[in-house]
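Participant: Pasting a structure below so you can have a look.
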Amino acid sequence: MKRLVFIALILVIAIPIAYFMVNQANTPNLPFINPTDVQSEMVDSSVQHIGRNHKIGSFNLRDEQNNAISDKVIEGKVCVAEYFFTTCGSICPIMNKQMQRVQAAFKGNSKFEILSFTVDPENDGPEQMLAYAKAHGYQPGQWHFITGDKKALYSLARTSFFVLKPAEAENLGDAGSDFIHTNNFVLVDQDRHIRGYYDGTNAAEVDQLILDIEKLLEPK
């Protein structure tokens, strides 16, 4: 009798452990990045105190087709976001050459989106963004080139994605092509959590980004 009780006790303990281990194996080993994990100068003061469960916020802007685009486009999907401008002659061409690789790896996957936000909406209207998108072989409906209200774009960068410093946001328009902005690609999961930053000018880091996207897209 004691032996049967002992065996039953072992099973009661072992089954939950096995279940946990299986689920852990199926869970991508990627961090959840919150405002407190990022350099404070990249984060708007209104969210600097948040240390858990940060999510990408809502937005209502315009895409390269001059259609309204909102955060609903990433609902339940994995996405990669970047900030750039079409007249940038330094890092942007390199970044978007790499982004073409990301698009090619997941082209046609309905669970994956790319968001390319401009930091120069005065010059990057829908027509300019569309020409740039076509020049980079974008897939309409999956790779979105986004423009709109300047304050809304910058607010999103500093309260959701954490990719612009205050001085950088303020100086665009005065500095023009000398404007310095981030080279980061931001990986966001299906629940709008930031899961990683990757140097969009570094092919090796983009290789890792592609692998991490694959992890997030795996069936749970």
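The values are calculated or read from the model by the stated rules, or taken from the named source; none is laboratory data. These numbers were taken from a predicted model, which means no experiment stands behind them. Cβ coordinates were reconstructed from backbone atoms using ideal geometry, including for glycine residues, and neighbour counts include every protein chain displayed.
Participant: Go through region 111-135 residue by residue and tally those that are part of a strand (DSSP E or B) and among the small types (G, A, S).
Facilitator: 1
Participant: Let me ask something else. Any residue in region 62-77 that is within 20 Å of A203 (Cβ to Cβ) and either assigned to a strand (DSSP E or B) or touching a residue at least 60 places away in the same chain (Cβ under 8 Å) (or both)?
Facilitator: Looking for residues that are within 20 Å of A203 (Cβ to Cβ) and either assigned to a strand (DSSP E or B) or touching a residue at least 60 places away in the same chain (Cβ under 8 Å) (or both), one finds none in region 62-77, hence no.
Participant: Next question, about the same structure. Considering only region 66-80, how many residues are surrounded by 15 or more Cβ atoms within 10 Å (Cβ to Cβ) and out of contact with any Asp or Glu (no Cβ under 9 Å at 6 or more places or on another chain)?
Facilitator: Final tally of qualifying residues: 1.
Participant: Going through region 86-99 one residue at a time, which ones are at pLDDT 95 or above and either in contact with a strand residue (DSSP E or B) (Cβ under 9 Å, 6 or more places away or on another chain) or charged (D, E, K, R) (or both)?
Facilitator: Within region 86-99, T86, M95, N96, K97, Q98, M99 meet the criteria.
Participant: Any residue at all in region 12-34 that is farther than 17 Å from I213 by Cα and at pLDDT 95 or above?
Facilitator: Yes - at least one qualifying residue is present in region 12-34.
Participant: Only one residue in F112, F84 is over 19 Å from T182 (Cβ atoms), in contact with a helix residue (DSSP H, G or I) (Cβ under 7 Å, 6 or more places away or on another chain) and not small (G, A, S). Which one?
Facilitator: On inspection, the qualifying residue turns out to be F112.
Participant: Residue check: is Q190 at negative phi and part of a loop (DSSP other than H, G, I, E, B)?
Facilitator: yes
Participant: Further question: Kindly evaluate E168 against the criterion of being within 20 Å of Y198 (Cα to Cα), at pLDDT below 95 and surrounded by 15 or more Cβ atoms within 10 Å (Cβ to Cβ).
Facilitator: Yes; evaluated as a whole, the condition is true for this residue.
Participant: So, T182, is that one surrounded by 23 or more Cβ atoms within 10 Å (Cβ to Cβ) and modelled with pLDDT under 95 or not?
Facilitator: Criteria met by T182.
Participant: Hey, D124 hits all of (1) under 25 Å from I33 (Cβ atoms); (2) buried (at least 23 other Cβ atoms within 10 Å of the Cβ) but one; which does it fall short on?
Facilitator: With (1) under 25 Å from I33 (Cβ atoms); (2) buried (at least 23 other Cβ atoms within 10 Å of the Cβ) applied to D124, the lone miss is (1).
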